[in-house]
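Student: Here it is, the structure in full.
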Amino acid sequence: MKVIAAVDSNWAIGNKNRLLTSIPADMKFFRETTNGHVVVMGRKTLESFPNGLPLKNRTNIVLTGSQGYQVKDAVIVHTKEELLEELKKYDSEEIYIIGGESVYRMMLPYCDTAYITKIDHAYEADTYFPNLDAMDEWKMTETSEEQTCFDLEYAFTKYEKC
C-alpha cells in the first residue's frame, strides 16, 4: 500500500477541511499516480472534493463513522476492520491512502511507500501528516529537483519503509 500527500515545512496538510495550497504540478502528479487505482479516504476528504463527488477513474473507498452515509460510485466502510477486509479484494500495490489526518495515521503502518510533495512554506494549519523524517523506519529514497510555482518552492519526494 502507498500513501500520497502534500505537506508544508511542518508536515501540515490542511486547514478547515481545505488543502493548504493548490500547485498544478502536484495536482497533476496526484491525478496521474492514482488514476486507475484504489483511493482510500475519510468522509471529510471526500466532501472537500468538487461537489463532494468521488474521483473519476478510481475505486473510491470512504471510511466514515456515520452508519447511514451513502455516496454514489464509492464503497463506504465504517471501521478500520471493515476497511482492512475490503482492501483484501485489491492488489496492495494498487491502493493509495489519500487522507485526511486520521486515515493517514491509521493506515501508515500498513504502507511501504509514501509519495510526499514537500512545500517549503509554513501555513496556518489544523491537520498534519506524520513526520516521516522523525521515524527511523522511513527513509527518503528519491527527491526531485526543487520546483517553483509562483513564489512557492517544492519538491516531489518518495519515502520507503525499511
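The values are calculated or read from the model by the stated rules, or taken from the named source; none is laboratory data. Just so it is clear, the structure is predicted and the values come from calculations on it, not from any experiment. Here the Cβ is made from the backbone with ideal geometry for all residues, glycine too, and neighbour counts use every protein chain on show. Heavy atoms of the whole protein, side chains included, go into the accessibility calculation; ligands, DNA and RNA do not. Shrake-Rupley method; radii C 1.70, N 1.55, O 1.52, S 1.80 Å.
Student: For T64, which of the numbered conditions (1) touching a helix residue (DSSP H, G or I) at 6+ places or on another chain (Cβ under 6 Å); (2) polar (S, T, N, Q); (3) without any contact (Cβ under 8 Å) to a residue 40 or more places away in the chain; (4) within 26 Å of I23 (Cβ to Cβ) fails to hold?
Tutor: (4)
Student: Please go through (1) modelled with pLDDT under 95; (2) in contact with a helix residue (DSSP H, G or I) (Cβ under 6 Å, 6 or more places away or on another chain) for D151 and return the number of the only condition it doesn't satisfy.
Tutor: (2)
Student: Take T33 and decide whether it is in a loop (DSSP other than H, G, I, E, B), on the phi < 0 side of the Ramachandran plot and under 16 Å from the mean Cα position of the chain (by Cα).
Tutor: Values: in a loop (DSSP other than H, G, I, E, B): no; on the phi < 0 side of the Ramachandran plot: yes; under 16 Å from the mean Cα position of the chain (by Cα): yes.
Against the criterion (in a loop (DSSP other than H, G, I, E, B), on the phi < 0 side of the Ramachandran plot and under 16 Å from the mean Cα position of the chain (by Cα)), T33 does not qualify.
Student: Does at least one position in segment 138-149 carry a residue that is among the hydrophobic types (A, V, I, L, M, F, W, C) and outside any strand (DSSP E or B)? Walk me through how you get there before you give the answer.
Tutor: Residues of segment 138-149 that are among the hydrophobic types (A, V, I, L, M, F, W, C), as a first pass: 138, 140, 149.
If we keep only those that are outside any strand (DSSP E or B) too, we end up with none.
Checked against the condition, which is being among the hydrophobic types (A, V, I, L, M, F, W, C) and outside any strand (DSSP E or B), segment 138-149 yields no hits at all.
Student: Sticking with this one: Quick one: is F49 of a type outside the set (V, I, T) and either touching a residue at least 60 places away in the same chain (Cβ under 8 Å) or open to solvent by less than 20 Å² (accessible area, probe 1.4 Å) (or both)?
Tutor: no
Student: Mind listing just one residue for me: the one in segment 113-154 that is touching a Lys or Arg at 6+ places or on another chain (Cβ under 8 Å) and of a type in the set (V, I, T) and, of those, most open to solvent (accessible area, probe 1.4 Å)?
Tutor: Out of the qualifying residues, it is T143.
Student: Of these, T59, T64, T157, which one is at pLDDT 95 or above and open to solvent by 40 Å² or more (accessible area, probe 1.4 Å)?
Tutor: Result: T59 is the single residue among T59, T64, T157 that is at pLDDT 95 or above and open to solvent by 40 Å² or more (accessible area, probe 1.4 Å).
Student: Would a scan of segment 91-100 turn up a residue that is at pLDDT below 95 and part of a loop (DSSP other than H, G, I, E, B)?
Tutor: no
Student: Can you go through Y104, Y159 and tell me which one is touching a helix residue (DSSP H, G or I) at 6+ places or on another chain (Cβ under 6 Å) and not in a loop (DSSP other than H, G, I, E, B)?
Tutor: Residue meeting the stated conditions: Y159.
Student: Any residue in segment 82-97 that is crowded, with 19+ Cβ neighbours inside 10 Å, under 21 Å from D8 (Cβ atoms) and either of a type in the set (S, T, N, Q) or touching a residue at least 40 places away in the same chain (Cβ under 8 Å) (or both)?
Tutor: Within segment 82-97, one or more residues are crowded, with 19+ Cβ neighbours inside 10 Å, under 21 Å from D8 (Cβ atoms) and either of a type in the set (S, T, N, Q) or touching a residue at least 40 places away in the same chain (Cβ under 8 Å) (or both).
Student: I116 versus (1) touching a residue at least 24 places away in the same chain (Cβ under 8 Å); (2) closer than 19 Å to C162 by Cβ; (3) part of a loop (DSSP other than H, G, I, E, B): which is the lone unmet condition?
Tutor: Among (1) touching a residue at least 24 places away in the same chain (Cβ under 8 Å); (2) closer than 19 Å to C162 by Cβ; (3) part of a loop (DSSP other than H, G, I, E, B), the lone unmet condition for I116 is (3).
Student: Among the listed residues R105, R31, which satisfies the condition of being free of Cβ contacts under 8 Å to residues at least 24 places away in the same chain, surrounded by fewer than 18 Cβ atoms within 10 Å (Cβ to Cβ), of a type outside the set (S, T, N, Q) and within 28 Å of C162 (Cα to Cα)? Give the derivation first.
Tutor: Details: R105 fails: free of Cβ contacts under 8 Å to residues at least 24 places away in the same chain.
After applying the criteria, what remains is R31.
Student: How about segment 10-26: which of its residues are within 17 Å of I116 (Cβ to Cβ) and open to solvent by less than 60 Å² (accessible area, probe 1.4 Å)? It would help to see each step written out before you state the result.
Tutor: Pass one, segment 10-26, residues within 17 Å of I116 (Cβ to Cβ): 10-14, 19-23, 25-26.
Correct list: W11, A12, I13, G14, L20, T21, I23, A25, D26.
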